[in-house]
Amino acid sequence: MKQKRHVKPNKKSGAATRILLASVLAALILLLSALLFLLKQNQPGSTNETPPSTSRQLFSAAAEDVVSITITPPKGEQYTLQCKNGVFYLPEDGDFTVRDTLAETILLNVCHIYIEDTILNTQETVVDLEHFGLSPARCTAAIQYQDGTVHTLHIGDQMQLGIPYRYFMWDDDPNLYAVSNDTYEAFSYTLSALRSVEQPVWDSTLWDRVSITGENVRTLEETDAGWVLTQPYAYPLSADAVSNYLSSVENIRFAEFVGYSDKLDLSLYDLDSPRLTLTLHQTPTTVSFLNDAGEETSSLLLPEEEIVLHIGSDVDEYYFYAEYLGTVYTATRFQLGFLFDQDLSFLLDSTPLDVPITALQTLTVEDETGHAAYSIHLTEQLTQTGELKTDELGNQLFDVSVQRSQTAFDTATFLNWYAELQKLELNAKAADQFTPSSYDRQLTFETAECTRTVAFSRYDALHTAVTVDGTTLFYTPNAAVDNLFPCP
């Protein structure tokens, strides 16, 4: 005869079962609330493609009635903004202003509070608000008005099934509502994200040197022969490429205000020893102001100046810290990331012999025929009224005369040959380890501000390597060089 077994109830198992049932019930409530909302929005009988809106206004006030708003954003610390005549401010920080677009959005949502639908009444249906992201709420906003009234908005999780609304409760109202994601966004900003950022106002036409040091190294300098690279090596640069590059620098923008440098521990942002420093040198410049007739009415002397921007550590994969004029900001990789790009090839001039004839003073040639030095002299062309003559683009026109070894030389012959020099284009990249052992021919261009040396040497049986200011980056077919020599 089998003995009866007495099984004691497993208290732990019972508790786990209750937790599981509660979780399942909460999930069902969330799903049913979303389905109920969808059913309301898709009632039969409507001939319209877009279902009728169930949106209604809970509260309305004038902007002048708003006194303050205390926001607890999803991330970051709680803060209080004062409001006067619809303008937000911080009494303890006179420099603080809210970005215009964000100020408009916040003001709209504190003056006109709309709900999209009523989901359920929490007094009639027992629910755990934690499952709706409302205990605690994902974000809250307590708004005080002139009459002393305070309304508090509690915004929770986004609804299920991809519905673009969030769960919402209002003051002590027991109803659970659906509210637009826009309302959540309006109160989701941290205080630093709200703050207006004073963006740099730069003019790249005033710069004559741009340098980067730190994790990337490069220096660009402007000369009368055009922009040249001086670090990490010497080489002439493409005018169009430099223009685009300087435009990118000129348009650098910051994302958010972090704090003033003298009030922060810069080591926390790697700004005590920056990863990268951008320095813009502004040459002394006189700016003229003209009237409608093109006559100068006044002028302003802009002094020599160095503009410095430091870049520190990463905030995350999208942002890093930057310091400018005693203020720390965040900046996006999209805006400043190009400063870390070590590729220089896009900046290099593919026609390095193209020194403007208007800047050239002396050209020295060493080739198989020996040594020759050409001196170029320019005489300004004048109109019949004695004014400087220019072409249709406004470029000043000159008469050119040439001397070869201090003897007058046929100008047309020289200019035709020089035009061929200027056309020599280099695109084939030389091997990194290539080093010329000697030079067969050499050109030395001298202007008032710089000297450029271009030397030619054997690369292989079919090609000639071209070395510019001591840097050998490209080679070209022998015939392209042979056609230029001997000099006239």
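Every number in this text was worked out from the coordinates using simple rules, so none of it is lab data. Bear in mind the structure is a predicted one, so any value in this text is a computation, not a measurement. Please note: Cβ atoms are built from the backbone with ideal geometry, for glycine as well, and neighbour counts cover all protein chains shown.
Quick rundown of the values:
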| item | result |
| --- | --- |
| Low-density loop positions, chymotrypsin sites (Phe, Trp or Tyr not before Pro), the stretch 398-455 - DSSP coil, at most 15 other Cβ in 10 Å | PHE434, TYR439 |
| Using a Förster distance of 30 Å, the FRET efficiency for GLN406-THR351 (Cβ separation, nearest 0.05) | 0.55 |
| Residue exposure sequence - LEU302, LEU348 - by fewest surrounding Cβ within 10 Å | LEU302, LEU348 |
| Degrees separating the helix 239-250 axis from the principal Cα axis of the chain, which is the longest one | 30 degrees |
| Inter-probe distance in nm under a simple model that places probes 7 Å from Cα toward Cβ, at GLU130 and THR362 | 8.7 nm |
| GluC sites (Glu not before Pro) lying in DSSP loop within the stretch 347-420, provided at most 14 other Cβ fall within 10 Å | GLU368, GLU387, GLU392 |
| Cut-off 15 Å (backbone N to label point 7 Å along Cα→Cβ of TRP417), residues of the stretch 366-383 | 366-376 |
| Rel. contact order, % - alpha carbon contacts under 8 angstrom, at least six apart, the chain | 9 percent |
| Net length gained if the chain between THR444 and LEU393 were fully extended (0.36 nm per residue, minus Cα distance) | 15.4 nm |
| Within the stretch 437-488: Cβ-based charge dipole about Cα centre, in debye rounded to nearest 20 (Lys, Arg +1; Asp, Glu -1) | 100 debye |
| Quarter of the Cα convex hull surface for the stretch 335-488, i.e. its orientation-mean projected area (nm²) | 12.9 nm² |
| The stretch 58-103: trypsin sites (Lys or Arg not before Pro) in DSSP loop, at most 11 other beta carbons within 10 Å | LYS75 |
| The chain - charge dipole about Cα centre, Lys and Arg +1 at Cβ, Asp and Glu -1, debye rounded to 20 | 3780 debye |
| Crossing angle, helix 11-41 versus the chain [Cα axis fit, 0-90 degrees, rounded to tens] | 70 degrees |
| Reported label for calculated percent of Cα pairs over 44 Å apart given (1) 47; (2) 27; (3) 35 | (1) |
| FRET efficiency estimate (nearest 0.05) - Cβ-Cβ, GLN158 to SER288, R0 51 angstrom | 0.30 |
| Cβ crowding within 10 Å averaged over residues, with 63-70, 186-193, 457-464, 290-297 ranked highest first | 186-193, 63-70, 457-464, 290-297 |
| Difference of contour (0.36 nm per residue) and Cα-Cα distance, THR205 to ASN181 | 4.2 nm |
| Exposure proxy ranking, count of Cβ atoms within 10 Å, fewest first, for PHE168, PHE346 | PHE346, PHE168 |
| Residues in the stretch 346-369 reached by a label modelled at ASN251 [backbone nitrogen below 18 Å; 7 Å Cα→Cβ] | 347 |
| FRET efficiency for THR435 and THR213, using Cβ-Cβ distance with R0 set to 25 Å, rounded to 0.05 | 0.35 |
| Pairwise label distance in nanometres, ASP460 with LYS263, each label 7 Å out on the Cα-Cβ vector | 6.4 nm |
| Helix 100-111 vs. the chain, principal-axis angle (Cα, 0 to 90°, nearest 10) | 10 degrees |
| Label-point separation, GLU380 to ALA62 (7 Å along Cα→Cβ), nm | 6.6 nm |
